[in-house]
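Quick notes on the structure that follows.
Please treat every number below as a calculation from the coordinates, not as lab data. A quick note: this is a predicted structure, and the numbers were derived from the prediction, not measured. Methodologically, a virtual Cβ is constructed for each residue, glycine included, from the backbone with ideal geometry; neighbour enumeration extends over all protein chains shown.
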Protein chains: 2
Amino acid sequence: MTNGTVAMGRPTLEQVAQHAGVSRATVSRVVNGSPTVAEPIRAAVERAISELGYVPNQAARSLVTQRTDSFALILPEWTTRVFSDDQLFPGVIRGVGQEMEAADKQLVLMLAGSAASHDRIERYALARHVDGVLIASMHGADPLPGTLARMGVPVVCGGRPLGRARVPYVDVDNVNGARQAVRHLLDTGRSRIATIAGPQDMVAGIDRLTGYREELRDSDRRSIVAVGDFTRDSGAVAMKQLLQDDPQLDAVFVASDLMANGAIRVLREQGRRVPDDVAVVGFDDIELARYTEPALTTIRQPIDGLGREMARQLLRLAGGETIPDQVVLPTELVVRASA
Amino acid sequence: MTNGTVAMGRPTLEQVAQHAGVSRATVSRVVNGSPTVAEPIRAAVERAISELGYVPNQAARSLVTQRTDSFALILPEWTTRVFSDDQLFPGVIRGVGQEMEAADKQLVLMLAGSAASHDRIERYALARHVDGVLIASMHGADPLPGTLARMGVPVVCGGRPLGRARVPYVDVDNVNGARQAVRHLLDTGRSRIATIAGPQDMVAGIDRLTGYREELRDSDRRSIVAVGDFTRDSGAVAMKQLLQDDPQLDAVFVASDLMANGAIRVLREQGRRVPDDVAVVGFDDIELARYTEPALTTIRQPIDGLGREMARQLLRLAGGETIPDQVVLPTELVVRASA
DNA sequence: ACGTGCGGTGGGAACGCTCTCACGCCCGTC
DNA sequence: GACGGGCGTGAGAGCGTTCCCACCGCACGT
C-alpha cells in the first residue's frame, strides 16, 4: 500500500487509465469530451479521475496541440501610471478578463515598460507561449503589432493603430463622440467653443480633436485649441492658456475628464462660473465625473465593452475565423451640470 | 534548397544542432548558459541560433523542468470595480508586474469573479501552469490561499489573510497608520474624533479601526464609529450618521480617501468648514487626495511597494528559500489642508 | 610507456499528452 | 452460416526539451 493516493506528484493519464482499467487513449477521450466513448466506461474513467484528483498537465498538452489556451494583454507601462486614476486601465483589464474567463482562456499581462521589453514580448509571443496578443493604447506608431502580425501571431489592437500596419482593431468612436460634445455646446447656445485636446501622438487625442474641428467647421465656427496630455495638471495648464488666447470663450470641450477636472479648477480660480460663464464637456465618463463640483457633462465610452470586444475578436481570430478590420463602439453624451 | 530557413514552423533544438554541427545536448547547454562549453563551439551554436531565429519552446521545457516561469496574480473581480477609481488596483498590478519583468517571469492575471472561478483557479494552479500564486485583498476568510498552500503551491497574500490559514503575507501597517492619523488630530488639538471605518470583513477595514481605537483609548477619548464600505457614497452616508450621532465632533479619521471625499462633501453641505470646524484625515493617499478642495491630509501607503514586495517574496518562496511569515510596510502621514 | 582524472561532448530516455491507425467485436444481411 | 461494415478501444509514435550517463581524448603522475 505504499503506492496510495498520497501526493506522490500529480497523477498522470497513464495512472488514471490503469486505475480505471482502460487505456490512456480512452482516458484522453473522456477528458476531452469525445463522443465515441461507451457510457459505462466513461463513468468508470470519470470516477477514476476524481478519485485520483487528476488534472491534465497543460505543458504536455500544449506540446502536442501547439496551443496554450492563453492570451497576452500588452499595456504600455506608463498607461498604468498616467491613467491610474481614471478607469481606462482597470476597465479594459476587467472587460478582457471577463471574456477570457468565459472562454476558459488565460490572460497573461505584460507591462511594456522599457524598449527592452518589446524584445521580450516578441520573443514570448513567438515562443508560442500564447495563442494571441491584445495590444492596448499605444503611443505613436508602434511597430509591435505589425511585427507580431507578420510573424503569424493573431493580434488585435485597442484603439486604431497609427502607422501603416494593417492590424485589426477595436476602438471607440472618438470622432463622433467629440462631435456630440461640441454639438451639445452649440445646441445650448454657446458660440466661442475652445478645446483642450489630448496628446497628438495618440489616436484618442488626434481623433477627438478631429471631431471637434469637423463639428465646428460644419457650423462655421472658429476653433481654439490647446493641447494637453490627458493628465489633470496638463488640463489646468491648457485652460490657462486658452483663457489668455481668448478671454471671451464661453465653452470648452476637454478631451478627457481628468483634464476637464483640472480645467474647471482653473476656471473657478479665475472667477468664471461653470457652466454659467463657461460650459465644460469632458470625455470618458469616469467615476469622478459624477462627483466633481459641478458634476461633469461628458461623453461616455464603453470601457469594459472595449476590453470585451477586443477579447472577443481575438478569440475569433485565433480560432481561425475572419474578423472585421475594425470594430467601432458608440459613444454617448451624458448631460450633467457642467454644460 | 527546399529545406531553407523559410518559416516551416519554428526551428527546434535539433535543427539548430544540425546547423551548427553539434549535438542537441550542446545546444541546450549553450541556451541555458552552462559553463562547460568550449568557446569556439559556443560561438558556432550562437550563430546558428540567431541565423535560424531559434526560440525555445516553453511547453517542452516546462514538461521536463516542471516549471513554467509564470506566476498568477489573483484579484477578486469586485476589486476592479469598486476600487477602480482609487489606485490600489493598478498600483498593485504595476508593482507586481515590474518585479516579475525584472525576474523575467510571466504574470498571469486571474479575476476571481463568481464562486465558480475559485474552482478554475485551483485547477489552474494545480495543473502546475504557474509556479506560484499571489492573492490580493480578499473579502472575509477566503479558503483559497490555505487550500493552495496545502497542495504545495507557493502562495503569498496581499493583506493579512483572515481565518486561521497560515499563509505568508505582505501588508501595509494599517494599525499604525490609523494611529498616526488619530495622533495627528490629537496633536492639533482636536478632541471629539470620530471615524468612518471600512468594511469589517476586510483586514484593511478591521485594522484601521483597531488603530483608531487603540490610539484613542491611549489618550482616554471616546470613540465614535460609523462603518462604510470604502466607496465614496458610503463615506457620505456614514458622515451624515456621525453628524447625527454627535453634532459636536471636531474631527474624523476616514479609513479611505474615497470615503473621505464623500464625507467632506457632506460636511460642506451641512455647513461645516473643513478643517476649521471639522478636521478630516483620510487613508491611502490616492491621486485624488491632492486635488480635492481642501486637499486631503492622509496616510500614505506604498501601493506599488506592496505589489513589488509581494512579488519578491513569492519569487523567493518559489525559489525554495524560506521567507518571513509576514512583511509589514510602513505608512506615512501626509499633511495637506484638511487637517 | 601506461594508468588516472577530468573537461567536454553525444546518445538516449523521459516528461505527459494527443492523435492516427489498426484491431476486435457485434450486428445486420444475403 | 459466412461476410461486410461500423463503432469502440488500444497500441504506438511523436511533440521539443532537459538531464543523466557513457564516452573520448588529453595532460599529468608514476
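Set the Förster distance to 22 Å, then compute FRET efficiency between A:D276 and A:T210 from the Cβ-Cβ distance, nearest 0.05. List each step's numbers first, then the result.
Details: r = 29 Å, r/R0 = 1.33.
Calculated transfer efficiency: 0.15.
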Student exercise, segment A:290-333 dipole from Lys, Arg, Asp, Glu Cβ charges, in Debye to nearest 20: 100 debye
To the nearest 10 degrees, how steeply does helix B:39-52 sit against the main Cα axis of chain B, on a 0 to 90 scale? 80 degrees
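Which FRET efficiency value, to the nearest 0.05, is calculated for A:R217 and A:L162 with the Förster distance at 22 angstrom and r the Cβ-Cβ distance? Please list the in-between numbers first.
On the way: r = 23 Å, r/R0 = 1.05.
Taking R0 as 22 Å, the efficiency between A:R217 and A:L162 is 0.45.
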If neighbour count is taken as other Cβ atoms inside 10 Å, put A:L329, B:L243 in order from fewest to most. A:L329, B:L243
Helix-only mean residue ellipticity at 222 nm for chain B, each DSSP H run of n ≥ 4 adding -39500 (n - 2.57), per residue, nearest 500: -13500 deg cm²/dmol
For segment A:190-243 and segment B:280-294, what is the separation of their Cα centres, given in Å? 29 Å
If you plug each phi of segment B:220-227 into the Karplus form 6.51 cos²θ - 1.76 cosθ + 1.60 with θ = phi - 60°, what whole-Hz ³J(HN,Hα) values come out, in order, with x for Gly and Pro? 6, 10, 7, 9, 10, 10, 10, 10
Shape call, the protein assembly as shown: gyration tensor on alpha carbons, a/c limit 1.5: oblate
In whole Hz, with x marking every Gly and Pro, tabulate ³J(HN,Hα) for segment B:259-271 from phi via Karplus 6.51 cos²θ - 1.76 cosθ + 1.60, θ = phi - 60°. 5, 4, 4, x, 5, 4, 4, 5, 4, 5, 4, 8, x
Search the structure for amide H atoms under 5 Å from the amide H of A:Y169, placed 1.01 Å from N in the peptide plane, and list their residues when 5 or more places away or on another chain. A:C157, A:Q326, A:V327
Under 5 Å from the placed amide H of B:A279, counting only residues 5+ away or on other chains, we find B:A251, B:V252
Once the dipole of the protein assembly as shown is set up with Lys and Arg at +1 and Asp and Glu at -1 on Cβ about the Cα centre, which of A:T297, A:M138, A:V108 lies farthest towards its positive end? A:V108
Using the 10 angstrom Cβ neighbour count as an exposure proxy, how do B:S234, B:S28, A:S50 rank, fewest first? A:S50, B:S28, B:S234
Sequence-distant residues sharing a close amide H with A:G132 (under 5 Å, placed H): A:A72
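Using a ≥ b ≥ c from the Cα gyration tensor of segment B:13-62 (square roots of the eigenvalues), is it rounded, prolate or oblate, where a/c under 1.5 gives rounded and otherwise the larger of a/b and b/c decides, a/b for prolate? Kindly include the intermediate steps, with their values, before the conclusion.
Values: a/c = 1.78, a/b = 1.25, b/c = 1.42.
Because a/c hits 1.5 or more and a/b fails to exceed b/c, segment B:13-62 counts as oblate.
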Magnitude of the Cβ-charge dipole (Lys and Arg +1, Asp and Glu -1) of chain A about the Cα centre, nearest 20 debye, reported as 600 debye
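If you place +1 on the Cβ of every Lys and Arg and -1 on the Cβ of every Asp and Glu, how big does the dipole about the Cα centre of segment A:174-300 come out, in debye to the nearest 20?
Numbers: 17 positive and 20 negative charges, 43 e Å.
Around 200 debye, computed over segment A:174-300.
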Binning at 10 angstrom from zero up to the longest distance, how are the C-alpha pair distances of segment A:42-173 distributed in percent? 11, 37, 31, 12, 8, 2
Report, in degrees rounded to the nearest 10, the 0 to 90 angle that the Cα long axis of helix A:88-102 makes with the longest principal axis of chain A. 30 degrees
With the Cα gyration tensor of chain A giving a ≥ b ≥ c as the square roots of its eigenvalues, does the rule (a/c under 1.5 for rounded; else a/b larger than b/c for prolate; else oblate) give rounded, prolate or oblate? prolate
Phi to ³J(HN,Hα) by Karplus 6.51 cos²θ - 1.76 cosθ + 1.60 over segment B:132-141, Hz, x for Gly, Pro: x, 9, 10, 10, 9, 5, 8, 9, x, 9
Those aspartates and glutamates that a straight Cα-Cα span of less than 13 Å connects to A:K105, excepting residues fewer than 8 apart in one chain: A:D69, A:D131
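With 10 angstrom as the radius, rank B:D218, B:D69 by how many other C-beta atoms surround their C-beta, starting from the fewest. Spell out each step's value before the answer.
On the way: B:D218 12, B:D69 17.
In increasing order of surrounding Cβ atoms, one gets B:D218, B:D69.
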Length added when fully stretched, A:R47-A:Q66, from 0.36 nm per residue minus Cα-Cα: 3.9 nm
Label point at A:D233 placed 7 Å out along Cα→Cβ; residues across segment B:271-300 whose backbone nitrogen lies under 17 Å: B:286-292, B:295-296
Rounded to one decimal in nm, the spacing of the 7 Å Cα→Cβ label points at A:T12 and B:V334 is 5.5 nm
Lysines whose Cα lies under 23 Å from that of B:K240, excluding same-chain neighbours fewer than 8 positions away: none
Relative to the longest principal Cα axis of chain A, at what angle does helix A:203-218 sit, 0 to 90 degrees, rounded to 10? 40 degrees
